[in-house]
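K.L.:
Pasting a structure here, questions to come.
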Amino acid sequence: MNNKEIHDTSLWARNLAALRQRDPELAARLEATPDESRFLAARAEDGSPLLCIKQMKKTWWALNHDKTPRQEAEQWARELGEPFLRRSHALLLGFAAGYHALSLFRLSGKDTHIWIVEPDTALFQAALRLMDFTPLILSPRVNFAVGLPEKTAAEKLFQGASGHRMRANGVQIAAPAISRFLYTAYLDKLADAISELLQLEILKFKTSEIQGERILDNMLANLPRILHGAPWQRLDHSAPNVPALVIAAGPSLDEAVEVIAAARDRALVIAVDTAHRILWRRGVQADLVVSLDFTELNARHFDGVEGDDSLLAAYPGVDPRITERYAGRTFFFDHAGDVRYETSASSFLQALTRLGPLGRLISYGSTAHAAYHAARAMGANPVILIGHDLSFPHAKWYADGAMQNEMDQPEREREELLEVPANDGAKVKTSGLYKTYLDSFALLIRAAGGDAINTSPHGAKIEGCVWMNLDEAMNRLPREKMDKAFLRRALLPSLENQRQDVARELSDLAESCRQARGELRRLHRKLQDLHPGDPTFRTETIRLMKLFVALAEKENRAMNLCSSLCSRSTLAMMGQLGSSSVFGGESREHNQDAQERLGHLFEDFERALRIHAERLEQCSKMI
């Protein structure tokens, strides 16, 4: 058969129309992809259509078994077994002519969700001219990631409804022999990207739950200081086109301090809390210090800093010993997790409407990101980064005088480091966490706009930053001194006049939590009374879940307030959505799993409601 036989317009039109319904962006990319002569349609010995690809020596390789492709693909899918075919979250690398995808789809149960990852857009386009794939394309349990870099393909797995399943259950990866041959390097990088993202996502949920109670305690302890301070949003757009130095505690800070001291009157100086003490001990005072971390350890960055005149920008969840040092001179901010400004990091601050909005900074979990965004939110331009090495040049982790240098950290010796491009054109070692911060810094810089200058000569390259020698960057600053009085003016008036309203709202929220907990306990007892062998089990669990949803809608402030203490049980439940056995019904074993999963959810919310009721009421009487 010649190359023209691959162009079956009716099959192509049918498949493309189906894809437009499921994934319009992919359909548009396929339409814009030119036909390629490296693909050829042929026939297997049993008459089935085949797709062949031209190799370097002008030989043609069939992308599926050249005798009985359907039979071979079905046997391959059966041999994957239960982990892929029943109640699974599966990833198929390589579409080839589509036989493996069709067999996996046909043999897997309705509770198995499939991601098809095909790195070659032109190959996927050619395959869609070969057979009718509309049942596969239109199925809500099948998704596609086509023609994407490894990391982007991995990120798609965490988007939308399938993201909950990904976080809760991970993914099983299957790659037929031809895919392992064509995409060996891609498969390795994809697996690494999935592993990295999965660990990060799971850690995020686990950490938020573990941290939630501590952050709540810190917020309640800091509430009187919030009332005595000012909301961050007063500084939004307060310094348009003013140059800013945003300083972190990376090794390159050592040689930069004297230069900063000479230039500090000509730019806004914003220090990450880890760098504040280093600067202070060498005679440089920051205008604004940014603090985000909730831990007691973070307070140690301020040890020995006495009598400084800096102002503080703090997340209300920081250790109260930090805000105590800056009483009456602190701007408080909530923080958003990423540039999309989705759900705020603090359900407590959302619930406390009488306090008013504080304003938000983007953090990605890093104080350095929040400090950078603080400069951008104020309108500063350019933003000059100092000490943001995000790597370990010359095997050094932090600048001299950093609190971390005073601690024994044996994990540094155990951690497997990565190599990333450095600003000097070489490679530099960094950690997995810092690599994540590098990537998210690039997203933040792109979203925030303006000019970003990185002055760390041997540090990691941050995409979106121009590298510039520190002396050259300082020479671009204005010659005249900068008037910084606007920072202190923005502290007044404080939020003291909201004190009584806030106290009443805390008491009201505590009562809502008590009411919700009482109703939830009744639902939990009914769940415990169900017997997994009862034929009405599934009907009853569905009814109880509907009552739980109704309770969440009725007491939405209380339930939203408590959600941060229930992330893992909520994730476990969300990860099963779309599964027919999420509420049991298929077997006694499924019923027991469903009862246990729903029981954990109820228990976690009961506990969270109790904690909030007790502590909110106590705080309302003390502020």
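K.L.:
Of 546/621; 156/189; 526/546; 396/427; 189/461; 156/429, which ones are farther than 25 Å apart at the Cα?
P.N.:
Violating the 25 Å Cα-Cα cut-off are 546/621; 156/429.
K.L.:
For the range 261-334, which GluC sites (Glu not before Pro) pass both filters: DSSP loop (anything but H, G, I, E, B) and at most 13 other C-beta atoms within 10 Å? Please list the in-between numbers first.
P.N.:
Details: sites: 296, 306, 324; in loops: 306.
Those satisfying the criteria are 306.
K.L.:
Count neighbours as other Cβ atoms within 10 Å of each site's Cβ, and list the chymotrypsin sites (Phe, Trp or Tyr not before Pro) in the range 69-152 that are DSSP loop with at most 16 such neighbours.
P.N.:
none
K.L.:
I would also like to ask the following. Using Cα positions and a limit of under 16 Å, work out the aspartates and glutamates in reach of residue 481, with same-chain residues fewer than 8 apart set aside.
P.N.:
Cross-link targets: 265, 287.
K.L.:
For the chain, what is the accessible area per residue in Å², given a 1.4 Å probe and the full set of protein chains?
P.N.:
Ligands and nucleic acids excluded, the result is 44 Å² per residue.
K.L.:
Leaving ligands, DNA and RNA out of it, work out the accessible area of residue 279 with a 1.4 Å probe and give it in Å² to the nearest 10.
P.N.:
Per-residue accessible area (residue 279): approximately 0 Å².
K.L.:
Considering Cα pairs under 8 angstrom that are at least six residues apart, work out the relative contact order of the range 381-519 and quote it in whole percent.
P.N.:
In percent, rounded to a whole number, it is 26.
K.L.:
Taking 37 °C and 0.692 mPa s as the conditions, I'd like the Stokes-Einstein D for the range 236-378 in µm²/s, using the Kirkwood hydrodynamic radius from alpha carbon pairs.
P.N.:
211 µm²/s
K.L.:
What's the longest bit of the chain with no exposed trypsin sites (Lys or Arg not before Pro), using DSSP loop states and at most 10 other Cβ atoms within 10 Å as the test? The partial results should precede the final answer.
P.N.:
On the way: sites that count: 57, 58, 340, 479, 481.
By the stated rule (loop sites, at most 10 other Cβ atoms within 10 Å), 59-339.
K.L.:
Would you list, by chain and number, the aspartates and glutamates whose Cα falls below 17 Å from the Cα of residue 151, excluding same-chain residues fewer than 8 positions away?
P.N.:
118, 120, 188, 192, 196, 201, 419, 439, 463
K.L.:
Can you work out D for the range 62-172 in µm² s⁻¹ from Stokes-Einstein, where Rh is the Kirkwood radius over C-alpha pairs, the temperature is 25 °C and the viscosity is 0.890 mPa s?
P.N.:
172 µm²/s
K.L.:
Please report the antiparallel percentage of DSSP beta bridges with both residues in the chain, rounded to the nearest 5.
P.N.:
Counting DSSP beta bridges with both partners in the chain, the antiparallel share is about 25 percent.
K.L.:
Within 15 Å, Cβ to Cβ, of residue 525, how many net charges do the neighbouring residues add up to if Lys/Arg are +1 and Asp/Glu are -1?
P.N.:
Neighbour charge sum, excluding residue 525 itself: 0.
K.L.:
Next question, about the same structure. Rounding to the nearest 10 and keeping the result within 0 to 90°, find how far the Cα-based axis of helix 367-377 lies from the longest principal axis of the chain.
P.N.:
The angle comes out near 80 degrees.
K.L.:
While we're on this one: Ranked by accessible surface with a 1.4 Å probe, highest first, in what order do 61, 397 come?
P.N.:
Working: 61 100, 397 50 Å².
Sorted by accessible area, descending: 61, 397.
K.L.:
Just round it to a whole percent: the fraction of Cα-Cα distances in the chain exceeding 38 Å.
P.N.:
47 percent
K.L.:
Further question: Taking amide H positions as placed 1.01 Å from N in the peptide plane, with prolines and chain starts having none, which residues 5 or more places from residue 427, or on another chain, fall under 5 Å of its amide H?
P.N.:
422
The values are calculated or read from the model by the stated rules, or taken from the named source; none is laboratory data. Values in this document were obtained by computation on a predicted structure and should not be read as measured data. Glycine gets a Cβ as well: all are built from the backbone with ideal geometry, and neighbour counts include every protein chain shown. We work out accessible area using only protein heavy atoms, side chains counted, and drop any ligands, DNA or RNA first. Shrake-Rupley method; radii C 1.70, N 1.55, O 1.52, S 1.80 Å.
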